[in-house]
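S.K.: Before I ask anything, let me first share the structure, which is written out below as structure tokens.
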Amino acid sequence: MRERLRNPENLERLRQKLQKERDPNKRRITVCAGTGCGAYGCGEIISALKKELKKRKLQQDVEIKVTGCHGFCERGPLLVINPQKLFYQKVQVEDVPEILSETIEKGNVIDRLLYVNPVTGEKIVHEDEVPFYKLQERIIFGSNGSIDPTSIEDYIAIGGYRALAKAFFDMSPEEIIESVKRSGLRGRGGGGFPTGLKWESCRKAPGEPRYVICNADEGDPGAYMDRSLLEGNPHSVLEGMVIGAYAIGSNQGHVFVRKEYPLAVQNLRIALQQAEEYGLLGEGILGTGFDFSVRINRGGGAFVCGESSALMASLEGQPGEPRAKHIHTVISGLYDKPTNLNNVETWANVPLIIDKGDQWYAQLGTEGSKGTKIFSLVGKVNNTGLVEVPMGITLREIVYDIGGGIPGGKKFKAVQTGGPSGGCIPESLLDLPVDFDRLTEVGSMMGSGGMIVMDEGNCMVDVAKYFINFLRDESCGKCTSCREGTQRMYEILDDITEGRGKRGDVELLEELGWVVAEASLCALGGTAPNPVLSTIQYFRDEYEAHIKEKRCPAGVCKALIQYTIDSELCTACGRCRKACPSDAISGAKKVPHKIDQEKCIKCGMCVESCKFDAVKVQ
Amino acid sequence: MEIDVSKVDEVIDSFSGDLSQLIGILQDIQANLNYLPREALVRVSERLEIPISQVFGVATFFKAFSLTPRGRHQINVCLGTACHVRGGARILGKLERDLKIEAGGTTEDLRFTLESVRCLGCCSLGPVVVIDNDTYGRLNQEKVAKLLDQYE
């Protein structure tokens with residue numbers, strides 16, 4: 001039973017009580033149950049841990065804490081054992097009895113579950129010594145590893161809702177807005193608009209009621225930090241929203257979240273209910289006369305709804321089409337009322353700025369981009385996962401120092417940032433400091449923070465085609481330039497990858513790209529040509545090879561490649577022959593195998609099945 | 001087709017008939033009835049007092065909705081960027097060949113509906129396939145073929 005908190009003193013007293021109950025020296029096993037570790041089977045590990053603890057009558061002495069995503073998804077399932085902070089990775093159900101008998105009961109470290117630094121070969125015992133974590137600055141994302149997202153008490157115990165009390169009782173709405181302005185916080189959803197300015201415009205806009213929206217329609221393929229924040233620490237987002245609503249003067253909020261994120265919806269729902277029970281949300285928050293309630297709206301799977309006016313259209317029960325923003329949504333947004341929309345990560349920054357002060361916050365980052373940014377580091381990189389770093393860190397530090405470089409001894413080719421609207425950045429620009437302005441300068445953008453690493457095995461023409469195909473599919477169709485332009489760009493790129501490219505194609509793509517960007521209403525069309533233009537800018541030679549020599553240097557474009565078997569390396573094991581769906585491989589025991597090019601459908605099964613690297617792509 | 005109108009009403013009531021939840025309402029109706037039959041859309045338009053064209057507009061705009069019956073099991077193959085660079089398209093190709101349907105299609109026995117989706121947000125596990133509510137990561141063509149047996 002949660003008792004309503006009627007003033008800041010109530011909240012502080014509750015916090016002290018909760019902190020007293022939480023013994024930092026208690027033996028605790030923290031299990032990451034983010035979506036990544038979930039897919040590796042952490043659910044079974046949790047049940048096995050509970051069963052084993054019961055069997056050993058340890059359930060009173062050892063606590064199991066199920067948390068949201070820790071970020072190091074590459075190595076999941078992850079376990080952290082406190083108070084020693086032992087870090088176990090790639091844990092399997094079979095390891096559970098030994099973890100209890102050796103580590104919990106005897107205090108011994110199990111060697112094989114430790115993380116090995118791939119660079120030095122050294123085994124790492126404690127979580128905070130893992131290079132992947134050590135080089136990050138996890139001010140937003142760090143709490144994910146220590147709290148149970150379904151327990152508001154966990155959040156309050158680590159200082160949660162303190163910023164809300166400070167904002168409500170020690171600051172005026174104007175002071176809050178000034179503080180956010182001074183912090184230099186810019187929108188984390190991609191646009192990078194100064195958050196404080198947005199709030200101010202919305203507060204000053206005429207008309208009632210005002211709305212506050214959290215954009216959790218994280219549609220950029222390759223980005224999942226918003227998902228992990230909502231799943232792992234929903235109260236931090238909620239607290240930011242309540243503070244924002246108070247500053248702006250809004251009583252109604254919406255969280256628009258992708259339906260593909262069921263766990264985020266579930267944890268958010270629990271969070272709303274718990275916050276209401278404590279009176280931190282709903283009517284008369286913390287005993288003041290301020291009311292604010294939040295509704296959850298699930299998205300319908302349209303990328304364009306990440307755009308603010310399209311999102312608002314779908315909240316009104318209309319198809320999610322953007323509209324011209326001659327009048328900005330802060331003045332005329334949802335139901336034509338002043339509406340302030342920020343992204344999940346932006347909201348999660350707010351309590352920190354209020355609690356620790358804007359001066360503290362503004363120390364982090366670069367001149368024009370303050371604070372930290374969470375990136376999802378994925379693709380061809382050793383340590384995939386979510387990384388939170390101060391703005392201004394170089395791409396090289398992210399990819400090599402935190403990401404551990406490229407797997408399989410392959411060569412780095414490019415890193416794609418900013419989702420489908422972003423661009424591909426080549427090796428020559430790896431020392432670029434990452435912030436909003438620098439990424440835009442080189443033809444890419446921050447976007448929501450996807451960072452997809454590509455190696456020599458990725459074809460840049462294919463990547464450009466991939467993104468244009470995505471955008472052509474997701475274009476809502478309202479503007480001719482975007483609807484038709486992306487379609488034509490796709491057809492040209494398809495021709496090039498199919499071996500039908502001709503001279504002048506690249507120039508035509510550049511021209512079309514300009515038209516699409518200039519003549520479309522919303523940011524989807526406005527940035528759609530970026531992946532094509534940036535790959536032309538930095539990888540023109542690959543386009544030339546496809547067009548002039550009918551050759552795909554990376555060995556990706558099916559029409560331009562051939563699979564062959566190296567008879568020297570082939571051991572005639574027969575695996576590829578069995579795997580081939582089109583009976584294109586012939587051979588027998590001790591007879592090196594061969595591929596019939598007529599029959600081959602280039603599905604790549606033979607490459608995947610070969611254990612001896614004998615299948616070659618030409 | 002005859003549908004159970006009370007099921008549609010139940011869903012609308014659970015959202016207190018709130019128009020801002022139209023997408024959620026349609027999602028829950030689809031979860032109940034497996035797809036969005038015409039009769040259900042008509043009922044939604046009556047209850048929310050909006051034109052049927054608006055309901056139809058929303059139901060056809062968003063990918064999440066199907067106006068035709070779907071398979072008992074839903075296979076979503078992720079073709080987000082991270083999965084794409086790790087060979088997601090080959091996984092989809094394998095499933096298309098094995099199930100003898102194209103992405104977006106449903107097998108004749110209504111056992112599977114195969115869809116490609118744009119990023120499921122577990123990028124570090126790519127290539128990823130989600131069948132119903134189960135997420136499978138780090139797949140290759142051989143592994144994905146074995147997954148289907150457990151879904152009848």
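The values are calculated or read from the model by the stated rules, or taken from the named source; none is laboratory data. Worth saying up front: this structure is predicted, and the values here are computed from it rather than measured. Cβ sites come from the backbone with ideal geometry, for glycine too, and all protein chains shown count toward neighbours. We work out accessible area using only protein heavy atoms, side chains counted, and drop any ligands, DNA or RNA first. Shrake-Rupley method; radii C 1.70, N 1.55, O 1.52, S 1.80 Å.
S.K.: Enumerate the lysines that A:LYS589 could reach by cross-link, defined here as Cα to Cα under 17 Å, with residues fewer than 8 away along the same chain left out.
M.R.: Output for A:LYS589: A:LYS578, A:LYS611.
S.K.: Among the trypsin sites (Lys or Arg not before Pro) within the range A:1-51, which fall in a DSSP loop and have no more than 12 other Cβ atoms within 10 Å of their own Cβ?
M.R.: A:LYS26
S.K.: Okay, moving on. Charges on Cβ only, +1 for Lys and Arg, -1 for Asp and Glu, centred on the Cα centroid of the protein assembly as shown; of A:PHE87, A:LEU524, B:HIS73, which one is farthest towards the dipole's positive end?
M.R.: A:PHE87
S.K.: Could you report the protein assembly as shown's accessible area per residue, 1.4 Å probe, as an integer in Å²?
M.R.: 40 Å²
S.K.: Okay, moving on. What length, rounded to one decimal in nm, is gained on full extension from A:THR288 through to A:GLN92, with 0.36 nm per residue of separation minus their alpha-carbon distance?
M.R.: Here the segment from A:THR288 to A:GLN92 would lengthen by 65.6 nm.
S.K.: Strictly over 20 Å apart at the Cα level, which of A:LYS20/A:LYS65; A:LYS410/A:LYS616; A:LYS50/A:LYS106; A:LYS411/A:LYS465 would you flag in this model?
M.R.: Pairs exceeding 20 Å: A:LYS411/A:LYS465.
S.K.: How high is the FRET efficiency between A:GLU102 and A:GLN273 when r is their beta carbon distance and R₀ equals 56 Å, given to the nearest 0.05?
M.R.: 0.90
S.K.: Is there a quick way to get the dipole size of the protein assembly as shown? I mean about its Cα centre, with the Cβ of Lys and Arg at +1 and of Asp and Glu at -1; what is the value in debye to the nearest 20?
M.R.: Here the protein assembly as shown has a charge dipole of around 1480 debye.
S.K.: On each of the three principal axes of the Cα atoms of the protein assembly as shown, give max minus min coordinate, whole Å, ordered largest first.
M.R.: 81, 68, 61
S.K.: Can you return the lysines within cross-link range of A:LYS198? Criterion is Cα-Cα under 18 Å, with same-chain partners fewer than 8 residues away left out.
M.R.: Within reach: A:LYS181, A:LYS325, A:LYS337, A:LYS370.
S.K.: Could you count how many Lys pairs in chain B have their Cα atoms under 21 Å apart, skipping same-chain pairs fewer than 8 positions apart?
M.R.: Lysine pairs meeting both conditions in chain B amount to 4.
S.K.: In Å, what is the Rg of the alpha-carbon atoms in the range A:372-455, and how long is Dmax?
M.R.: Every Cα atom of the range A:372-455 included, Rg and Dmax give 11.2, 33 Å.
S.K.: With a cap of 16 neighbouring Cβ atoms within 10 Å, and only residues DSSP puts in a loop, list the GluC sites (Glu not before Pro) found in the range A:436-497.
M.R.: A:GLU456
S.K.: Now for a different question. A:GLU549 to A:GLU427: FRET efficiency via 1/(1 + (r/R0)^6), r the Cβ-Cβ distance, R0 25 Å, to the nearest 0.05?
M.R.: 0.65
S.K.: While we're looking at this one, here's another question. Considering the options A:ILE468, A:MET454, A:THR497, tell which one lies farthest towards the positive end of the dipole of the range A:454-522, charges being +1 on Lys and Arg and -1 on Asp and Glu at the Cβ, about the Cα centre.
M.R.: A:ILE468
S.K.: Could you name the aspartates and glutamates in cross-link range of A:LYS57, using Cα to Cα under 16 Å and dropping any fewer than eight places away on the same chain?
M.R.: A:GLU98, A:GLU102, A:GLU105
S.K.: Ok, one more. For chain B, can you list the cysteines whose C-beta has no other cysteine C-beta under 4.7 Å from it?
M.R.: B:CYS119, B:CYS122, B:CYS123
S.K.: Report the B-A buried area as the accessible area lost on both sides summed, probe 1.4 Å, in Å² to the nearest 100.
M.R.: The buried area between B and A, both sides summed, comes to about 4100 Å².
S.K.: May I ask which residue of A:TYR155, A:ASN144, A:ALA165 lies farthest towards the positive end of the charge dipole of the range A:118-214, with charges of +1 (Lys, Arg) and -1 (Asp, Glu) on Cβ and the Cα centre as origin?
M.R.: A:ALA165
S.K.: If each DSSP helix of 4+ residues adds -39,500 (n - 2.57) and the sum is divided by the residues in the protein assembly as shown, what number results at 222 nm, nearest 500 deg cm²/dmol?
M.R.: That calculation yields -11000 deg cm²/dmol at 222 nm.
S.K.: With +1 on each Lys and Arg Cβ and -1 on each Asp and Glu Cβ, how big is the dipole of the range A:152-362 about its Cα centre, in debye rounded to the nearest 20?
M.R.: Computed about the Cα centre, the dipole is about 440 debye.
S.K.: Find how many whole Å separate the alpha carbon centroid of the range A:46-69 from the alpha carbon centroid of the range B:93-152.
M.R.: If we compute the Cα centre of each part, the gap is 34 Å.
S.K.: Please name the residues of the range A:587-606 whose accessible area, counted over protein heavy atoms with a 1.4 angstrom probe, falls by no less than 30 Å² between the chain alone and the full protein assembly.
M.R.: Buried-area filter returns A:CYS603, A:MET605.
S.K.: If you scale each eigenvalue of the Cα gyration tensor by 5 and take the root, what three semi-axes come out for the range B:73-150, rounded to whole angstrom and sorted largest first?
M.R.: Calculated on Cα positions only, the semi-axes equal 19, 12, 12 Å.
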